[in-house]
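Enquirer: Input: one structure, supplied below.
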Amino acid sequence: MSGSKSKNKGNAFEREVANFLSKTYGESFVRAAHSGAFIGGTNNHRKEYLSENQVKSFKGDIIPPDDWKHFNAEAKSYADFPWHLTLTGECKQLDSWLEQLLDVEDEGDLNLLFMKFNRKGQYVAVQGKLTWKADSCILYSSKQWGDWIIVEHSNFFKNNTDLVKSYSQTPSQKQNN
């Protein structure tokens, strides 16, 4: 297997998330074979000459079905995570992931951050500006990226499977008005 162990671990988690979503929704989700950097940051102008499907294939880590036009997701798998810094609103690790996620978002996107940490579980972070259901959660108020709700992965999808699909097919801002 070529590539670094950490890159391979990240790629495997992206495939795991895509497979989970495919199984959950009965539709095809696939791991993007490249980074969102192709259309992110200073490369945002590339969206002007790419088709909608081309943009979708360069956005985030997971390519959703065609009718999920407002789906934007990143998947991160790490050995550890500084949970205590979520209480200060200054968790540099989380902020860098949110920046990467939001760097390629389009207006109305549902932005999902899937996270997996060794021996600590899997989690989903979603923007607090939308309505979500959770049995328990952590509120991360980033000074740079606003309010985010972090929920254990299986709990999040137990309570929000239909909302994720709805927000992904209809612009998210209109859902909250």
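The values are calculated or read from the model by the stated rules, or taken from the named source; none is laboratory data. Just so it is clear, the model here is predicted, and its values are computed rather than measured. We place every Cβ from the backbone using ideal geometry, glycine too, and count neighbours over all the protein chains shown.
Enquirer: Report, ordered by the first and then the second residue, all pairs with beta carbons closer than 9 Å, sequence separation of six or more or different chains, a first member in the range 142-165 that is at positive phi and free of Cβ contacts under 8 Å to residues at least 40 places away in the same chain, and a second member that is buried (at least 19 other Cβ atoms within 10 Å of the Cβ) and outside any helix (DSSP H, G or I).
Expert: Taking only residues 6 or more apart or on different chains, the pairs are Gly146/Gln127.
Enquirer: Only one residue in Ala75, Ala37 is at pLDDT 65 or above, aliphatic (A, V, I, L, M) and not in a loop (DSSP other than H, G, I, E, B), so which one is that?
Expert: Only one candidate qualifies: Ala75.
Enquirer: Only one residue in Asp61, Asp80, Asp66, Asp95 is among the acidic types (Asp, Glu) and modelled with pLDDT of 95 or more. Which one?
Expert: Asp95
Enquirer: Output the helices (runs of 4 or more DSSP H) that fall wholly within the range 83-177 and possess 2 or more residues being touching a helix residue (DSSP H, G or I) at 6+ places or on another chain (Cβ under 8 Å), of a type in the set (Phe, Trp, Tyr) and under 19 Å from Phe29 (Cβ atoms), or say none.
Expert: Filter on the range 83-177 gives 153-169.
Enquirer: Further question: Those residues that are surrounded by 14 or more Cβ atoms within 10 Å (Cβ to Cβ), touching a helix residue (DSSP H, G or I) at 6+ places or on another chain (Cβ under 7 Å) and in a helix (DSSP H, G or I), I need them from the range 11-33; list them, please.
Expert: Hit for the range 11-33 is Tyr25, nothing else.
Enquirer: I've got another one for you. Give the residues of the range 78-105 that are among the hydroxyl-bearing types (Ser, Thr, Tyr) and crowded, with 20+ Cβ neighbours inside 10 Å, sorted by residue number. Step through it out loud before you land on a result.
Expert: Filtering the range 78-105 down to residues among the hydroxyl-bearing types (Ser, Thr, Tyr) leaves 78, 86, 88, 96.
Selection gives Thr86 alone.
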